[in-house]
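The values are calculated or read from the model by the stated rules, or taken from the named source; none is laboratory data. This structure is a prediction, so every number in the text was calculated from the model and none was measured. Neighbour counts are summed over all protein chains in view; Cβ atoms, including those assigned to glycine, are modelled from backbone coordinates with ideal geometry.
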Amino acid sequence: IDNLMTAMDCDINSDLYRQQSQFVKNLAKMAKRYDVAVILIAHPKKSKDNFDNDSVSGSADITNAVDVVINYERASQSEKEQFDSKATITKNRLTGRLISNENAVKLVYSERSKRIQSYENFDKFKKYSAFDKQEKALELDAPPF
């Protein structure tokens, strides 16, 4: 769900933080009931500090109610020579395993495939069947889908 504020239908007579809290709790209940993963994008507050669960803008229940919190951020200027972005795990009720900023998963964006890939396994020329079909469709001047 991209992103929290665009997904919510806000009632102007109700407190925004309570609405956010209820929305996230309802998503968590739905995920458990139907055994599905729900990925909710919630942006952090503007800060230069390292990300933690309290960095998310809005209600504290946004990170309290969920099982996993993943932080995805652009690489710093000094890191950009190696990779484009990185991911950390700051909360994990499923296994308890966290990934700190020092051990962040390094990621690279592939302009060709429009995918984010692991820096360690980055294959600039990797072909994806859906992408290849789209390429063939475009070559034939047919709609890609």
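Is there a residue being part of a loop (DSSP other than H, G, I, E, B) and either polar (S, T, N, Q) or under 27 Å from Arg115 (Cβ atoms) (or both) anywhere in region 10-25?
Here is the first cut: in region 10-25, the residues part of a loop (DSSP other than H, G, I, E, B) are 10-15.
Now restrict to residues that are either polar (S, T, N, Q) or under 27 Å from Arg115 (Cβ atoms) (or both): 13-14.
The answer is yes; a qualifying residue exists.
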Suppose we keep only residues that are surrounded by 12 or more Cβ atoms within 10 Å (Cβ to Cβ) and among the hydroxyl-bearing types (Ser, Thr, Tyr) within region 88-126. Which one would you say is nearest to Asn64 (Cα to Cα)? Thr90
Just checking, how many residues over region 16-30 are closer than 15 Å to Asn64 by Cβ and either aliphatic (A, V, I, L, M) or in contact with a Pro (Cβ under 8 Å, 6 or more places away or on another chain) (or both)? 3
Kindly check whether there is at least one residue in region 69-78 that is closer than 24 Å to Ile39 by Cα, at pLDDT below 90 and loosely packed, with under 11 Cβ neighbours inside 10 Å. no
Counting only residues that are more than 13 Å from Ile1 (Cβ to Cβ) and at pLDDT 90 or above, which one in region 22-50 is surrounded by the fewest Cβ atoms within 10 Å (Cβ to Cβ)? Asp35
